[in-house]
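Here is the structure we will look at, set down as C-alpha cells.
The values are calculated or read from the model by the stated rules, or taken from the named source; none is laboratory data. Just so we're clear, the structure is a prediction, and the values are computed from it rather than from any experiment. Cβ sites come from the backbone with ideal geometry, for glycine too, and all protein chains shown count toward neighbours.
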Amino acid sequence: MAGPLSGITVVDITTNISGPSLTMILADLGANIIKVERPDIGDDSRGMGPFWKGEGVYFLHINRNKNSIVIDLKQEEGRKIIYDLVKQADVFVENFRYKKAEKMGLGYEKLKQINPAIVYCSLSAYGQEGPLRERSGYDAIAQADAGIIGINGAEGSEIARVPISVLDQGSAMWGAIGIISALYHKEKTGEGQLVTTSLYETGVFWVGYHMLSWLATGQEPKKNGAGHTAFAPYGAFFASDAPVMIGISNNSLFKRLCQVLGKEEWLTDVRFETNPKRVEHRENLRVAIENILQAKTADEWVSLLAEAGVPSSKVKKISEVVQDEQAEAINMWKSVSHSEIENFKLPRLPFELSVSPAEIKQAPPKLGENTKNILSKLGYDNSKIEELLAKGTVQNGWQKAENR
C-alpha cells in the first residue's frame, strides 16, 4: 500500500543526524529520497561508531528507505546534476552552516529559479537571523544554549547533556511537519516556499514551561533529576534491586499510593495533604517512600502500583527495552533485509496510519549504491555516466570503514 507521500521526490544533501532524520521521516511516509553524498566519505554519520558489519549504527538508524548517489558538488558538472534533479523534485533539504548552500549555488533563490514550485527546507543550528546564525553547532551545543543542559540532572550533579540527539531529531520532526504543511499549501496553490527550522528553536520551544516559570516567579528552575518541578512525589525511588519511577500529579493518585504502601496516615499529615505542601517537603517524602520500597523488588512494586492505577515503571536498561514485551506487542521493531547484517531490525516511526501506513521497505544504502540508476533515470546515457565516473564527478561504490 502506497504511503501518503508516495510520488513526492526529495533531493537530500544533508549529513550527520538532524537532516537525515528529517528525510527518514519523509522516506518512511513513502517519499522517494535521493540522498546526495560526498565522494569517498559520504554522510558523516557513516563514520560514527560503533560499527555493525562495517556500517555506523547512527547511519543505519536514520537512513533506511533512501537511494544514495555520490556527487562532487565542488565540480560544476556535479552542481549541474543537482539542478537536473531539482527540476524533477518536489522537495530539497539541506542542513549546512549559514549561507553555505548559497555559496555553493544551492540556495533557495537559485533553486527557485530552476523549479518555482520547489519546497526548500533549511535545517540549521541557530536559524537564519540573529548574532549566532553563523555559528556551527551540534546537538549538545544547542542543548547548552537553549538551557536544557543547565536544568538537566540532579541538584549538585555534574553537568550532563540529555544523552540522546534530542534536538537533532526534534528539529527533524519540526522540519518534516513544515515540509508536509508546505506540500499541502502547494497542492492547493501550486506555490512552493522556504521552510526553516533549527536545533536552537527546538530547544527554546521545549524549555517553554521553565521560561514561563521564571517569568512568573523570577526564580531560576532547579535541577530535579528524575523528579518534577511541579509535583511530588514524582521521580525515581529505589526498591531492593532497582529504581522505580513513580509519578503522582494529584491527590487522588497520592491516596492510591498511600494505600499500596500501607501509609494512609500520610493523607492527614499536614506536610503531605496538598501537592504544594508535598513539593515543599519532597525530600522527607522521598526518604519515607524509599524506606518502604526496600522491602520488595522493583518488579513487585510496579505490579502492585499498576494494579492500583498508580503511574509507575521500573527504570529500565536499554537491553531490557530491546526485549520488552510492550515494544514487541505494538510492533516497534521492523525486520529489514540487509546484504551483510543478519536479523537486522529498526524501530519504526512512533505513529501509525490505518489506511496509508509508514513503512520500512529497504535497508540504508551503501555509499553511491544508486548512482548509476539515478543518473540513468535523469536521462544520462551510459557513455556520459562513465565519463562522470572517470572524472570523479560521481562515484558508484562503498568505501570500507577502515578506509574512511
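Which members of the stretch 23-68 meet the condition of being out of contact with any strand residue (DSSP E or B) (no Cβ under 6 Å at 6 or more places or on another chain), surrounded by 18 or more Cβ atoms within 10 Å (Cβ to Cβ) and aliphatic (A, V, I, L, M)? The answer is Met24, Ile25, Leu29, Leu60, Ile62.
Could you list all residues from the stretch 1-45 that are of a type in the set (Lys, Arg) and farther than 12 Å from Lys66 by Cα? Arg38 - this is the single residue of the stretch 1-45 that is of a type in the set (Lys, Arg) and farther than 12 Å from Lys66 by Cα.
So is Ala363 small (Gly, Ala, Ser), surrounded by 15 or more Cβ atoms within 10 Å (Cβ to Cβ), more than 30 Å from Cys258 (Cα to Cα) and more than 18 Å from the chain's Cα centre (by Cα) or not? Spelling it out, Ala363 is indeed small (Gly, Ala, Ser), surrounded by 15 or more Cβ atoms within 10 Å (Cβ to Cβ), more than 30 Å from Cys258 (Cα to Cα) and more than 18 Å from the chain's Cα centre (by Cα).
Selection within the stretch 364-404: residues that are within 15 Å of Asp72 (Cα to Cα) and of a type in the set (Gly, Ala, Ser). The member of this set that is modelled with the lowest pLDDT is Gly397.
Taken as a whole, the stretch 10-28 holds no residue that is free of Cβ contacts under 8 Å to residues at least 60 places away in the same chain, over 21 Å from Ala101 (Cα atoms) and in a strand (DSSP E or B). Put simply, of Lys255, Lys263, Lys223 the only residue that is at pLDDT below 95 and surrounded by fewer than 20 Cβ atoms within 10 Å (Cβ to Cβ) is Lys223. Meeting the requirement of 2 or more residues that are in contact with an Asp or Glu (Cβ under 6 Å, 6 or more places away or on another chain), no helices (runs of 4 or more DSSP H) wholly within the stretch 311-404 can be named.
Filtered by the rule that a residue be closer than 16 Å to Asn284 by Cα and surrounded by 20 or more Cβ atoms within 10 Å (Cβ to Cβ), the stretch 232-246 gives Ala232, Pro233, Tyr234, Gly235, Phe237, Ile246. Checking the structure you have, find out if any residue of the stretch 317-332 is under 17 Å from Arg64 (Cα atoms), free of Cβ contacts under 8 Å to residues at least 40 places away in the same chain, in the same structural domain as Val394 (by TED's automatic domain parsing) and buried (at least 16 other Cβ atoms within 10 Å of the Cβ). Taking every residue of the stretch 317-332 in turn, at least one turns out to be under 17 Å from Arg64 (Cα atoms), free of Cβ contacts under 8 Å to residues at least 40 places away in the same chain, in the same structural domain as Val394 (by TED's automatic domain parsing) and buried (at least 16 other Cβ atoms within 10 Å of the Cβ).
Those strands (runs of 3 or more DSSP E) of the stretch 89-208 in which at least 1 residues are among the small types (Gly, Ala, Ser) and buried (at least 19 other Cβ atoms within 10 Å of the Cβ), considering only elements entirely within it, cover 119-124, 193-198. Whether a residue is within 30 Å of Lys53 (Cβ to Cβ), in contact (Cβ under 8 Å) with a residue 40 or more places away in the chain and touching a helix residue (DSSP H, G or I) at 6+ places or on another chain (Cβ under 9 Å) was assessed, and Leu305 does not pass this test. Scanning the stretch 50-85 for residues that are within 27 Å of Pro347 (Cα to Cα), assigned to a loop (DSSP other than H, G, I, E, B) and either touching a residue at least 60 places away in the same chain (Cβ under 8 Å) or among the acidic types (Asp, Glu) (or both) gives Lys53, Gly54, Asn63, Arg64, Asn65. Residues in the stretch 159-207 that are free of Cβ contacts under 8 Å to residues at least 60 places away in the same chain and either small (Gly, Ala, Ser) or within 23 Å of Gly30 (Cβ to Cβ) (or both): Ala160, Gly170, Trp174, Ile177, Gly178, Ser181, Tyr184, His185, Glu187, Lys188, Thr189. Does Ser122 satisfy the condition of being in the same structural domain as Thr202 (by TED's automatic domain parsing), more than 22 Å from Ser339 (Cβ to Cβ), of a type in the set (Ser, Thr, Tyr) and modelled with pLDDT under 95? No.
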